[in-house]
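Nothing in this text is a laboratory measurement; each read-out follows from the coordinates by a stated rule. Just so we're clear, the structure is a prediction, and the values are computed from it rather than from any experiment. With ideal geometry, Cβ positions are generated from the backbone for all residues, glycine too; neighbour counts draw on all protein chains shown.
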Number of protein chains: 2
Amino acid sequence: MTGLVLFATGNRHKLAELDAVLRGCGYRAEAAGVPKLELQADSLEEIAVAAAATAYAAAGRPIAVEDAGLFVDALNGFPGPYTSYVYKTLGVRGLLRLLEGAGDRAAEFRSVIAYAGPWGVKVFTGRVRGTIAAEPRGSGGFGYDPVFIPEGETRTFAEMTLEEKNRYSHRAAAARELCRWLREAREAP
Amino acid sequence: MTGLVLFATGNRHKLAELDAVLRGCGYRAEAAGVPKLELQADSLEEIAVAAAATAYAAAGRPIAVEDAGLFVDALNGFPGPYTSYVYKTLGVRGLLRLLEGAGDRAAEFRSVIAYAGPWGVKVFTGRVRGTIAAEPRGSGGFGYDPVFIPEGETRTFAEMTLEEKNRYSHRAAAARELCRWLREAREAP
């Protein structure tokens, strides 16, 4: 038996990463094709919960939202919740320029999945610490993957296969949390 | 007779600038003290309209929202709608670093006032072209004022008095549009 989790997203990379994890617990991730409310807020949780709750209210069926961001220590958490806007305008080069000469290149990728349904809104989180590379490397993944090296690795996310990236990634970690809950819910009396 | 326009904002600099213009047409700007919905969107209009409409619906009385941003040509419009977040995290220094060596330092400050009431949502806009200074100068204003030199000037916004800044500023221009509409509305039969 395969269950389905509908995600409000137009990002096919994101969907593929979520799907790869959910398949491991007997589910599939598919695009919901519903409009998504995106708040300005300093926390990913707040953004994802509001988006999932309103999408569920509008669609009338359970909807999940995944929101992620790159938080760079030396930049006070920038670009954080606005990572995708910053990637679109400044790209990888802009981020590297902001870190020129920085002694501290530590950063964290965070992911929050909010899943809204008759059960309310469940929140699942994942994070991965790492460092920002001096130069972009690799052609896999998307966004800032070419400059993010997870702890314990020498390669960037963009130099890994999806399976390798999912061993470390924030998004996969959040998706595994979601899997755990889906399994429990299925086994509940 | 003095009318009152309530703004959903906690920024006293912003309020003072709006108030200085509105006094010129017999109104005052005051803080509404209501929560404000802030969307992520590429356009200030969309953000301001949604915020004003929801604040009006919640408060049950007319509410105005002013949203502003600095759009730098060479940075594809960055920081745009996220100017206040970027100021908080990267400051003035981060913006200057992104423009190091840039031949083109042109930028635009934009302001949108959305005023929601029984009339629906009215939108008033203002913009001012200028350049980003090489170094911050002056102690007036707020945010990126110390590095913005409006066209036709050699001083930054932060080197001007509020009255001088309001001769050029995007926010004052939007507020003057609001004044025009308030006057018309008052004179309507």
Full extension from A:Glu164 to A:Trp119: what is 0.36 nm times the residue separation minus their Cα-Cα distance, to one decimal in nm? 12.9 nm
A:Arg93 to A:Arg186: extension gain in nm, 0.36 nm per residue of separation minus the Cα-Cα distance? 28.9 nm
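Given contacts defined as C-alpha pairs under 8 Å and at least six residues apart, what's the relative contact order of the range A:114-167, whole-number percent?
That works out to 27 percent.
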Note the count of lysine pairs whose C-alpha atoms are less than 24 angstrom apart in the protein assembly as shown, limited to pairs 8 or more residues apart or on different chains. 16
Residue-wise HN-Hα coupling along the range B:119-129, computed from phi with Karplus coefficients 6.51, -1.76, 1.60 (Hz; x: Gly, Pro): 7, x, 10, 9, 10, 10, 10, x, 8, 9, 7
Out of residues 5 or more away from A:Phe148 or on other chains, whose amide H comes under 5 Å of its own, with H placed 1.01 Å from N in the peptide plane? A:Ala133, A:Phe157, A:Ala158
Could you derive backbone 3J(HN,Hα) for the range B:23-37 from the dihedral phi with the Karplus parameters 6.51, -1.76 and 1.60 (θ = phi - 60°), listing whole Hz in sequence and x where the residue is Gly or Pro? 4, x, 10, x, 10, 10, 9, 10, 6, 7, x, 10, x, 10, 7
Stokes-Einstein D for the protein assembly as shown, Kirkwood Rh over Cα pairs, 20 °C, 1.002 mPa s (µm²/s): 95 µm²/s
Between copies, how far apart are the A:Gly91 label points? List them in nm, one decimal, shortest first, with each point 7 Å from Cα toward Cβ, please? 2.8
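Normalised by the residues of the range B:3-187, what does the relative contact order come to in percent, with Cα pairs under 8 Å and at least six apart? All intermediate terms of the calculation are to be shown ahead of the outcome.
Numbers: 377 pairs, mean separation 35.9, N = 185.
Dividing the mean separation by the residue count of the range B:3-187 yields 19 percent.
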Based on DSSP, what percent of beta bridges with both residues in the protein assembly as shown are antiparallel, to the nearest 5? 80 percent
log10 I(q)/I(0), Debye, Cα-only chain A, no solvent, q = 0.10, 0.15, 0.18 Å⁻¹? -0.39, -0.86, -1.19
With angles folded into 0 to 90 degrees, how steeply does helix A:83-98 sit against the dominant principal axis of chain A? Use alpha carbons for both and round to 10. 20 degrees
Could you work out the mean count of beta carbons from other protein chains within 10 Å of each residue's beta carbon in A:80-89? 5
Between B:Glu151 and A:Leu4, how many nm apart are label points set 7 Å from Cα along the C-beta direction? 5.4 nm
Ranked by Cβ crowding within 10 angstrom, fewest neighbours first, how are A:Cys179, A:Cys25 ordered? A:Cys25, A:Cys179
Under a 10 Å cutoff between Cα atoms, tell me which one of B:Glu38, B:Glu46, B:Glu100 has the largest fluctuation in the Gaussian network model of chain B. B:Glu100
Inter-centroid distance (Cα atoms) of the range B:15-82 relative to the range A:170-185, Å: 39 Å
For B:Ala58 and B:His13, what is the calculated FRET efficiency with R₀ set at 25 Å and r taken between the beta-carbons, to the nearest 0.05? 0.50
How crowded by other chains is A:38-46, given as the mean number of beta carbons from other chains within 10 Å of each beta carbon? 3
